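The values are calculated or read from the model by the stated rules, or taken from the named source; none is laboratory data. Because the structure is predicted, anything quoted here is derived from the model rather than measured. Note that we place each Cβ from the backbone using ideal geometry, even for glycine, and neighbour counts take in every protein chain shown. Areas reflect the complete protein model, heavy atoms only, side chains present, ligands, DNA and RNA absent. Shrake-Rupley method; radii C 1.70, N 1.55, O 1.52, S 1.80 Å.
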Amino acid sequence: GRRSSLEIREKEIREKGSEILREQLDAAKRELKLKDKECERLSQVRNQLEQELEELTASLFEEAHKMVREANVKQAAAEKQLKEAQGKIDVLQAEVTALKTLVLTSTPSSPNRQLHPQLQPSGTRGAYKHVGGHIRNKSASVSVCPVLCFFFCLQMDSVLYAEFLMWREHPSLDRSSAFLSRIYREDIGPCLSFTRSELSQLVQSAVENNSLTIEPVAMSALPMVKASAIECGGPKKCALSGVSRLCRHRIKLGDKGSYYYISPSSRARITAVCNFFTYIRYIQQGLVRHDAEQMFWEVMRLRREMTVAKLGFYLTDQG
C-alpha cells in the first residue's frame, strides 16, 4: 500500500512539474512573440528613418547644386555687367574730355570750325558727318578712340609706339624701361618740379606709392596759419610753389600728419600725374580691355595733360 501511495505521489509531482513547465514554456513563447513584434516594429522604424535620411540627403545635394548653379550664373552676369560698365565709363570719360576741349578751344574771335559746322565752307561740309551727336572727320586714317579724331589730326610716333609695345609685354612701374624713363624725363619730372624741391620729391614719391591724398578745404573753417605757413603753406599761399594764391585744396603724404595747402595750378599738375599713374596701373593689373593702339593714344592724351598743366593751364571748379 505504501508503494502504490508513493507511485501516486510521484505521478502527481510529475504532472504538477509538467504543468508548471508548460506554463513557463507558454510564457516564454508569449514573451518571444512580443519581442519579435517589437523587433519588427523597430526594424520598420529604422527602414523608414533610413529612407527619410536618403531623401533628405538627396534634397540637400540638389538644393546645393542649384544654389551653386545660380551663384555661377549671377557671377557671370555681374562680371559681364562690370565689363560693359567699365567700357561705357571709358567711352563717357573720353567723350566728356573731348567735349570740354571742343568748348574750350572755341571762342567768338576764333571759333572751332568742327564745333560749328555751319562755319565750314560749302565745299567742305560734306567731309564731316554726325556720329552719335558729335562730328567726325571721314578722312581720319588713324584707328583710335573716335572722340580723339574730333579735334586733332593724329600721327603716331613710331619710336614712342615701339617703346610702349615693349613695355606692354611686361608692364611694370619700374622706371628703368625706355617707355617710363622717357615719360619721367619729359613729363613727370617737369610736371612735379616746384620751387620747393625737397617737398616736390616727397610728393612724387607719394604719387608713385599711391599714398597721396588730395582733399578740398572748407573756406569757412580755415585754421589760423602761424609759423607752420613756411612749411605747409596756408589758405592763401601754395606750399609747393610759394606763390600767393587762394588754396582750395590740401594734400597729405602717406600717414604723415602734416597737410600742405596747394594752389589750383599745383593741384592740376599733381592730378595730371596721378591720372597717368592710375591708368598704367590699370594696364599692369589687366583691367584695360582696349587694344594696344587705343592704350597708346590714351597714354599720349595723359602725357598731353601733364604738359599742359606744367605750362600753367588748368580748369577751374566752375569749368
Exercise for review: Determine the pairs where a residue that is closer than 15 Å to ARG281 by Cβ and open to solvent by less than 70 Å² (accessible area, probe 1.4 Å), located within the range 200-212, has a partner that is modelled with pLDDT under 95 and acidic (Asp, Glu) with Cβ atoms under 8 Å apart, the partner being 6 or more residues away or on another chain.
Suggested key: SER211/ASP255
Study note, to complete from the structure: Among residues of the range 14-30 being open to solvent by less than 100 Å² (accessible area, probe 1.4 Å) and among the hydrophobic types (A, V, I, L, M, F, W, C), the residue farthest from the chain's Cα centre (by Cα) is ILE20
Review point. Among the residues of the range 289-308 satisfying the criterion of being of a type in the set (Lys, Arg) and more than 15 Å from the chain's Cα centre (by Cα), which is most open to solvent (accessible area, probe 1.4 Å)?
Key: ARG304
Check your understanding: Which residues, counting only those in the range 256-275, are buried (at least 19 other Cβ atoms within 10 Å of the Cβ) and part of a loop (DSSP other than H, G, I, E, B)?
Key -> SER263
Practice item. Check LEU253, LEU311 and return the single one that is open to solvent by less than 40 Å² (accessible area, probe 1.4 Å) and without any contact (Cβ under 8 Å) to a residue 60 or more places away in the chain. Key: LEU253
Check your understanding: Within the range 79-86, is there a residue that is within 30 Å of HIS290 (Cα to Cα), among the hydrophobic types (A, V, I, L, M, F, W, C) and open to solvent by 100 Å² or more (accessible area, probe 1.4 Å)?
Key -> yes
Review point. In the range 215-250, which residues are under 14 Å from SER200 (Cα atoms), surrounded by fewer than 19 Cβ atoms within 10 Å (Cβ to Cβ) and modelled with pLDDT under 75?
Key: GLU231, CYS232
Check your understanding: What single numbered condition from (1) surrounded by 14 or more Cβ atoms within 10 Å (Cβ to Cβ); (2) within 30 Å of MET156 (Cβ to Cβ) fails to hold for GLY286?
Key -> (1)
Point to revise | Of residues in the range 41-90 being among the basic types (Lys, Arg) and within 30 Å of ILE283 (Cα to Cα), the one nearest to the chain's Cα centre (by Cα) | key: LYS83
Review point. Of (1) modelled with pLDDT of 90 or more; (2) open to solvent by less than 100 Å² (accessible area, probe 1.4 Å); (3) over 30 Å from VAL288 (Cα atoms); (4) not hydrophobic (A, V, I, L, M, F, W, C), GLU55 satisfies all except one. Which?
Key: (2)
